[in-house]
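The values are calculated or read from the model by the stated rules, or taken from the named source; none is laboratory data. Predicted model, so just to flag it, every value in this text is computed and none were measured. Ideal geometry is used to build each Cβ from the backbone, glycine not excepted, and the neighbour counts take in all protein chains shown.
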């Protein structure tokens, strides 16, 4: 059954139809929330909250955009509100707690682990909007037009945002690299210096 | 960095597999062939994107989603059972509040206008009183004259100034208390049709009191000031 059909049924108060939509998009929304708030438990709560809000306001959804982008927008607003209320980004997701797939040997595991750690630390430093645009583009595969529908503004603004976000991420990844190299070259000096 | 590099580096995140038009793709490729700095920048951006893609967020197990759906189902069922509030009820505060606010604003504005012009209102009232006095007086003699068995002596015609062709100012000069009319009772009489005219187009006090004796003038002034 297609999205518009399910949405139309959900708008008439059909709960099973809405739950079908939930099952379809829960992983994407959860992944987005996880990337934005960097906390699994909070991401779970925010995902539920986003679906709840979507169900409450689904009668106001006029199907002028895709249900998926509308849902992303609700989830991002929930995450922004959470971040605003917390005034901090929370602890980063601990990769050790999650299931790691696709690694073959212990050496590759270690390298991948270091890479992941570097990525999470760089992502943590990014502003929430840039994190959102990178997630929507690279992880969810949305076009600039769809990103502009989710985040507001024009598709050109979404492209500029994405470009800026990627450059910032590259800069932070590079700085993490340089820091690692400095620590390896002069371990005693680096231990005495503050990290940033 | 040259201005050309700045221009092309804005398109680097979309190269090679992004939403880049063929025109810009050709120009960018041509530029990358000759500019080492932009080539390096492009490689670093692609590497950052690759690192991100290489580490997707690991998804939780199936039991996590079961618990998630169970919790969400309870919340959704709770929301679904709650009676939906009718639309007019949601707008009730606005429907009641807007007229109340409008009335309040009108009241406050009228109050402020009266406060700001303290001398104007009494003057207006006095002018209105002046205009209404002859009209009130005009009604009294008509009633009194209707009650009298014998017609009262004809009042002398006073002088009139600037009167219209069909109107004459008539002043009763009899003393108050007698069968006649008080000095303050000044009438307009229509000469053409003989009917009482109630709508007074103009009024000149000086012209009226010119024909009065000093005692009558004094009485008129006292009456006017007492009413004011």
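Summary of computed values
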item: Test: residue in the range A:9-22 that is within 19 Å of residue A:82 (Cβ to Cβ) and at the interface with chain B (Cβ under 8 Å from one of its Cβ atoms); result: no
item: Enumeration of residues in the range A:13-64 that are farther than 22 Å from residue B:64 by Cβ and either in the same structural domain as residue A:126 (by TED's automatic domain parsing) or crowded, with 22+ Cβ neighbours inside 10 Å (or both); result: none
item: Within the range B:71-90, tally of residues that are more than 11 Å from every other protein chain (Cβ to nearest Cβ) and not in a loop (DSSP other than H, G, I, E, B); result: 3
item: Of all residues making up the range B:20-55, the number that are in a loop (DSSP other than H, G, I, E, B), touching a residue at least 24 places away in the same chain (Cβ under 8 Å) and at the interface with another protein chain (Cβ under 9 Å from one of its Cβ atoms); result: 0
item: Criterion violated by residue B:60 - all others in (1) within 48 Å of the chain's Cα centre (by Cα); (2) in a loop (DSSP other than H, G, I, E, B) satisfied; result: (1)
item: Qualifying residue in the range A:68-85 (condition: assigned to a helix (DSSP H, G or I), more than 14 Å from the chain's Cα centre (by Cα) and at pLDDT below 90); result: yes
item: Among (1) surrounded by fewer than 10 Cβ atoms within 10 Å (Cβ to Cβ); (2) within 19 Å of residue A:42 (Cα to Cα); (3) within 12 Å of chain A (Cβ to nearest Cβ) - the single one residue B:63 does not satisfy; result: (3)
item: Exclusive hit being in a helix (DSSP H, G or I) and at pLDDT 90 or above, set B:99, B:93, B:134; result: B:99
